[in-house]
Amino acid sequence: MTRIYRYILTHDTGMAPCPENGLITLGTCKPVIRRKARPGDWVLGFRPGSLVRGLVLWAGKVERTTTHGDYQRAYPKRSDAVYRLAEDGQYERLAPDYHPAQSEMDRDTSAPVLLFDPRRSYYFNGIPEPLPEDLAHLAAAGRGHRVTEAAPDLVARLEAWLVEVAPKRSRPVIRGKASKRGGC
């Protein structure tokens, strides 16, 4: 069964998620989602601090997962490719100003990088899209993440809604270098 993971973004700096050059990835922050999500699952990020719940900032269908070392080798120029696997088997930080504490790096590298299907990924460039009434129960609330084991009809409705709103709100997923600062 497909799972739908939902969470509230603390900051949308272009790092988590990282929408660059036609690809959305989640390589830092949200280690539990990154550890548990599998190809075919959906991840939705919601706007924080709003009186209105259910404002979607991005959504993507997981296409595959990879290690940080393999990700950095395959996509060395991406903003979120900030950890390299050293010869001693330990990760080294390539961006000293991003998550500078050892505990932050350990959290980031404790789970794989998620790569989302470019044909089923939607980044709304800071302009949130409200969930329709029949999907409002998917709205994230509070700290942490929520997950729903979704029946095929719910997944189909979510996908249809995203296809419907994407031409109005989503821009091509092309972005320059994002700020390495900022939280998850």
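For this structure, a couple of remarks:
- Degrees, to the nearest 10: 152-169 long Cα axis against longest axis of the chain: 80
- Proximity of backbone amide H atoms, modeled 1.01 Å from N, is registered between THR2 and ALA150 at under 5 Å, excluding neighbours fewer than 5 places apart on the same chain.
- Cα-based equivalent ellipsoid of the range 130-171: semi-axis lengths in Å, sorted from largest, via gyration tensor: 19, 15, 9
- Just checking the listed ones, VAL165, VAL56, VAL113: in the Gaussian network model of the chain with Cα springs under 10 Å, the one fluctuating most is VAL165.
- Cα convex hull volume per residue for the range 1-61 (Å³): 88
- Förster radius 45 Å - calculated FRET efficiency between ALA141 and ASP88 (Cβ-Cβ, nearest 0.05): 0.60
- Three-way shape call for the range 97-173 based on the alpha-carbon gyration tensor, with the a/c threshold at 1.5: prolate
- Cα pair distances of the chain binned at 5 Å [whole percent]: 1, 8, 18, 22, 21, 15, 8, 4, 2, 0, 0
- Under the Karplus curve 6.51 cos²θ - 1.76 cosθ + 1.60, θ = phi - 60°, whole-Hz ³J(HN,Hα) for the range 82-95, x wherever Gly or Pro sits: 9, 10, 10, 7, 7, 4, 7, x, 9, 7, 10, 7, 9, 10
- D (Stokes-Einstein, µm²/s), Kirkwood Cα radius, the range 48-121, 0.890 mPa s at 25 °C: 173
- A Stokes-Einstein calculation at 4 °C with viscosity 1.567 mPa s, built on the Kirkwood radius of the range 46-89 over Cα pairs, returns a diffusion coefficient of 97 µm²/s.
Bear in mind that the values in this text are calculations on the coordinates, not laboratory data. A quick note: this is a predicted structure, and the numbers were derived from the prediction, not measured. When we count neighbours, we look across all protein chains shown, and the Cβ atoms used for this are built from the backbone with ideal geometry, even at glycine.
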